[in-house]
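Undergrad: First, the structure itself, so that you have it in front of you.
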Amino acid sequence: AQKVTQAQTEISVVEKEDVTLDCVYETRDTTYYLFWYKQPPSGELVFLIRRNSFDEQNEISGRYSWNFQKSTSSFNFTITASQVVDSAVYFCALSDEKGALIQGAQKLVFGQGTRLTINP
Amino acid sequence: DTEVTQTPKHLVMGMTNKKSLKCEQHMGHRAMYWYKQKAKKPPELMFVYSYEKLSINESVPSRFSPECPNSSLLNLHLHALQPEDSALYLCASSQEKGSPGTQYFGPGTRLTVL
């Protein structure tokens, strides 16, 4: 069964603190894709990163970094030196072979989201 | 350019009204999606169009009627909605040869049904 668990419903930190958002996934497929999206109060889901199951390299993009560990089925997201503009709901999502509908289309399984508040 | 646009941004309608939501993308994507998102919940998939054909309908009530006039446009026609249909409606598109594509989302339409 496909499932994404974001155990942290809400996180609140003070600006400049580092914060890690957890994501644990379940799939029986060997080929799958993991995503992180950011949803600010305006509502738009902003794509942050996509990671393929066969690429376990961690990634860093500015203050953002992602730690992909297949051994623990986790794809955690860390924001370093957080800023108020990072306040948003963050969703982790999974697409696997069952979710690959047709070429170019996919069915995403979303976690419940983590609401991150960065206080000044 | 990864822009998906949606109009209107906000919509208030009565239960007897007929209205439409519009989504547009110019990224050459051939898959387009409609999602419904209630407060404090993740998006729920409603419809998927691929190459302008409806490929997935997630058991959505018939008061929601999707339409894909061409590869860049996606509409959602609304009729006889209920107050519980009030939500954020998100459009997305994706394209990637040979593997499931990354979905890019629009800003959404906030719908209120009175």
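The values are calculated or read from the model by the stated rules, or taken from the named source; none is laboratory data. Predicted model, so just to flag it, every value in this text is computed and none were measured. Glycine gets a Cβ as well: all are built from the backbone with ideal geometry, and neighbour counts include every protein chain shown. Just so you know, the surface numbers come from the protein's heavy atoms only, side chains and all, with ligands and any DNA or RNA stripped out. Shrake-Rupley method; radii C 1.70, N 1.55, O 1.52, S 1.80 Å.
Undergrad: Taking all protein chains in place and a 1.4 Å probe, what share, in percent, of the accessible surface of the protein assembly as shown do carbon and sulfur account for?
TA: After summing per-atom areas, the C and S share lands at 48 percent.
Undergrad: Starting from the Cα of B:Lys18, draw a straight line to each of the lysines and keep only those under 20 Å, dropping any in the same chain fewer than 8 residues away.
TA: The reachable lysines, counting only those whose Cα sits under 20 Å from B:Lys18, are B:Lys9, B:Lys36.
Undergrad: Then there's this: If you stretched the chain out fully between A:Ala81 and A:Arg115, how much longer would it get, using 0.36 nm times the residue separation minus the C-alpha to C-alpha distance?
TA: 10.5 nm
Undergrad: May I ask you to derive the relative contact order of chain B, considering only C-alpha pairs under 8 Å and at least 6 residues apart, and to give it as an integer percent?
TA: Relative contact order, chain B: 36 percent.
Undergrad: Moving on. Can you list which of the chymotrypsin sites (Phe, Trp or Tyr not before Pro) found in the range B:1-62 are DSSP loop residues with at most 14 other C-beta atoms within 10 Å?
TA: Qualifying residues, ordered by number: B:Tyr51.
Undergrad: Checking an interface number: how much accessible area is buried between A and B, summed over both chains, with a 1.4 Å probe, in Å² rounded to 100?
TA: What A and B bury together is about 2200 Å².
Undergrad: Restricting the count to DSSP beta bridges whose residues both fall in the protein assembly as shown, what percent are antiparallel, rounded to a multiple of 5?
TA: Close to 90 percent.
Undergrad: Which of A:Lys38/B:Lys22; B:Lys19/B:Lys40; A:Lys3/A:Lys107; A:Lys38/B:Lys41 have a Cα-Cα distance over 19 Å?
TA: Table pairs above 19 Å Cα-Cα are A:Lys38/B:Lys22; B:Lys19/B:Lys40.
Undergrad: Take peptide A:45-51, look around each residue's Cβ out to 10 angstrom, count Cβ atoms belonging to other protein chains, and average those counts.
TA: The mean count of partner-chain Cβ atoms within 10 Å per residue comes to 4.
Undergrad: Something else about it: Whole number in Å², please: accessible area per residue of the range A:1-116, 1.4 Å probe, ligands, DNA and RNA not counted.
TA: 47 Å²
Undergrad: Which ³J(HN,Hα) values, rounded to whole Hz and listed in residue order, are derived for the range B:54-70 from phi using the Karplus coefficients 6.51, -1.76 and 1.60 in 6.51 cos²θ - 1.76 cosθ + 1.60 with θ = phi - 60°, glycine and proline given as x?
TA: For the range B:54-70, the Karplus curve yields 5, 10, 9, 10, 7, 6, 7, x, 5, 5, 9, 10, x, 8, 10, x, 7 Hz.
Undergrad: What does the net charge come to around B:Ser65 if you take all other residues with beta carbon closer than 12 Å to its beta carbon, with K and R at +1 and D and E at -1?
TA: With Lys, Arg at +1 and Asp, Glu at -1, the net is +2.
Undergrad: Hey, if we sort B:Thr109, B:Thr16, A:Thr9 by accessible area with the 1.4 Å probe, largest down, what's the order?
TA: Greatest to least solvent exposure: B:Thr16, A:Thr9, B:Thr109.
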